[in-house]
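The next block holds one structure in the form of structure tokens; read it before the comments.
The values are calculated or read from the model by the stated rules, or taken from the named source; none is laboratory data. All values derive from a computational prediction rather than experimental measurement. Reconstructed Cβ throughout: ideal geometry from the backbone, glycine too, with neighbour counts over all protein chains shown.
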Amino acid sequence: MKKALSLLLSVILCIGLLSACGESKSGSVYWLNFKPESDEALQEVAKLYKEKTGVDVKVVTAASGTYGQTLTSEMDKSAPPTLFVVGNTNSVKDWADYALDLKDTPIAKELNTDAYNLYSADGKLVSIGYCFECYGIIVNPDLLEKAGHSVDEITNFATLKAVVEDIHSRAAELGFDAFSACDMDSSSSWRFTGHMVNLEYYYEERDSGSTWTECPAELKGTYVENYKNLYDLCINNSTQDPKTLATGGHDSEAEFKEGKAAFFVNGSWEYSAVSETVPNATMIPYYCGVEGEEKAGLNCGTENCWAINSKASEEDQKATMDFLVWCVTDAEASRILVDTFGAMPYKSAAESTNGFLAAANEYTNKGCYVMDWATNYQPGVDDYRAGLVSALNAYNADQTDANWETVRTAMIDGWAVQYQKQNQ
């Protein structure tokens, strides 16, 4: 009896060992998301993938303006992100060693363009674009019509200024103002210190005769006054007093969606939300008084590029690669992603229905120049933008020439200071 029991236990043990040996360890995905406005959609996609494949996908969304700090913190943990964003050349320098070379990988083979990819100095494909976007000034044509104007009459800064100031002067009568809130808290300031400031960089880049391929050591400041033209127009013809912008708390998007403002400084990622209540919303360029700007188009580019963690286990790397390929080839998943991102540069991804990207294409088709995202070269981006926010807050509170000179210093001298820190 004892021998029979011993034999039975041995058989059970062998079966267990054989079963364990035959198991293939499956990986998981941890996506540290860069885009707060897409969190809900990404959580939906993660849940869908789990249901279809059984593979866990965790999506953690960094708060607006904190991605760099969050990524650094998360990478130090025992279970770091397997999928993260390396969106500009400065980030490539910081994170290339943590990025798998994506050249000739399954996800890279699904791309329909190389235009949004980032390479290291030694030719490694560090990250690949997962969406391209545009930004400028979002407009509610219906409110313009109520005020006796139209989008077509806005062709440069002078015409934009005339329309904006007329609406602001009659805000009480009309029931709406020109611009929605221009807050300087972390959830909003990037619209002015990361996006609108691009007009200074882009026009300097254009003056140089070629597109930047690396961060310039310094700026000339040729177009700071043009930035001031547009910035002043926004904050002084708005739903909110400039003196209240430092602390934030105003919902700029809601003001626009609820018909409280005719203009909203933002980008194509807002189309899904805005079109719910303003279905015919469109976008116009950053008109700022530059000569020949009648031929200006929208700011088009991306800082949204996927990188796979080279330090992750092989199982997690494969799981992440499989997940990405599914994201851009599965009809249901890519539809969800395209609807939140606007457009994805992949052969099998769903078609874009984003009206703001359509506006960008329309400007281009008319022969207008595209303002590329020279802003992606901002050195020491977090510290640089923080310096700009501080200077702009002082100016918002007291719009003196001296305070504007502080803004100029933060924008131009601050660039040189951060460049030197980054290249010591």
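Cβ-Cβ distances below 6 Å connect no pair with a first residue in the range 301-326 that is free of Cβ contacts under 8 Å to residues at least 24 places away in the same chain, a second residue that is crowded, with 22+ Cβ neighbours inside 10 Å and assigned to a strand (DSSP E or B), and a separation of six or more residues or different chains. The requirement of being within 20 Å of the chain's Cα centre (by Cα) and free of Cβ contacts under 8 Å to residues at least 40 places away in the same chain is fulfilled somewhere in the range 105-114, by at least one residue.
Output yes when any residue across the range 155-164 is of a type in the set (Phe, Trp, Tyr) and under 21 Å from Glu294 (Cα atoms), and no when none is. Taking every residue of the range 155-164 in turn, at least one turns out to be of a type in the set (Phe, Trp, Tyr) and under 21 Å from Glu294 (Cα atoms). Among the residues that make up the range 203-215, is at least one of them closer than 20 Å to Ala410 by Cβ and modelled with pLDDT under 95? Checking the range 203-215: at least one residue is closer than 20 Å to Ala410 by Cβ and modelled with pLDDT under 95. Against the list (1) surrounded by 20 or more Cβ atoms within 10 Å (Cβ to Cβ); (2) of a type in the set (A, V, I, L, M); (3) closer than 12 Å to Ser310 by Cβ, the condition Ile107 fails is (3). Of the strands (runs of 3 or more DSSP E) lying entirely inside the range 1-94, not one carries at least 1 residues that are farther than 18 Å from Gly129 by Cα and modelled with pLDDT under 95.
Residue check: is Asn90 surrounded by 15 or more Cβ atoms within 10 Å (Cβ to Cβ), out of contact with any strand residue (DSSP E or B) (no Cβ under 7 Å at 6 or more places or on another chain) and within 17 Å of Trp306 (Cα to Cα)? Full working, then the answer.
Working: surrounded by 15 or more Cβ atoms within 10 Å (Cβ to Cβ): yes; out of contact with any strand residue (DSSP E or B) (no Cβ under 7 Å at 6 or more places or on another chain): yes; within 17 Å of Trp306 (Cα to Cα): yes.
Taking the combined requirement at face value, the residue satisfies it.
If you go through the range 199-241 and keep only what is within 17 Å of Asn403 (Cα to Cα) and polar (S, T, N, Q), you end up with Asn226, Asn229, Asn236.
Where in the range 320-400 are the helices (runs of 4 or more DSSP H), entirely inside, with at least 1 residues that are more than 20 Å from Phe34 (Cα to Cα) and within 20 Å of the chain's Cα centre (by Cα)?
355-365, 381-397
Of the residues in the range 149-160, none is surrounded by 14 or more Cβ atoms within 10 Å (Cβ to Cβ), assigned to a strand (DSSP E or B) and either touching a Ser or Thr at 6+ places or on another chain (Cβ under 7 Å) or in contact (Cβ under 8 Å) with a residue 12 or more places away in the chain (or both).
Within the range 291-301, the only residue that satisfies the criterion of being buried (at least 19 other Cβ atoms within 10 Å of the Cβ) and either of a type in the set (S, T, N, Q) or part of a loop (DSSP other than H, G, I, E, B) (or both) is Asn299. Being within 15 Å of Asp232 (Cβ to Cβ), out of contact with any helix residue (DSSP H, G or I) (no Cβ under 7 Å at 6 or more places or on another chain) and either at pLDDT 95 or above or charged (D, E, K, R) (or both) is the requirement here; does Glu173 meet it? Considered against the rule, which asks whether it is within 15 Å of Asp232 (Cβ to Cβ), out of contact with any helix residue (DSSP H, G or I) (no Cβ under 7 Å at 6 or more places or on another chain) and either at pLDDT 95 or above or charged (D, E, K, R) (or both), Glu173 comes out as no. Beta carbons closer than 7 Å, at least 6 apart along the sequence or on distinct chains, pair a first residue in the range 50-67 that is touching a residue at least 40 places away in the same chain (Cβ under 8 Å) with a second that is of a type in the set (A, V, I, L, M) for Val55/Val29; Val55/Ala319; Val57/Val29; Val57/Ala46.
Yes/no matrix, rows are residues, columns are (1) in the same structural domain as Asp114 (by TED's automatic domain parsing); (2) over 29 Å from Cys215 (Cβ atoms):
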residue	(1), (2)
Asn309	yes, no
Ser313	yes, yes
Thr353	no, yes
Thr375	no, no
Gly380	no, no
Ser390	no, no
Thr400	no, yes
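Taken over the range 388-408, residues that are within 16 Å of Leu219 (Cα to Cα) and touching a helix residue (DSSP H, G or I) at 6+ places or on another chain (Cβ under 7 Å) amount to 4.
Would you point out the residue of the range 302-313, among those that are assigned to a strand (DSSP E or B) and either in contact with a helix residue (DSSP H, G or I) (Cβ under 7 Å, 6 or more places away or on another chain) or among the acidic types (Asp, Glu) (or both), that is farthest from Thr159 (Cα to Cα)?
Asn309
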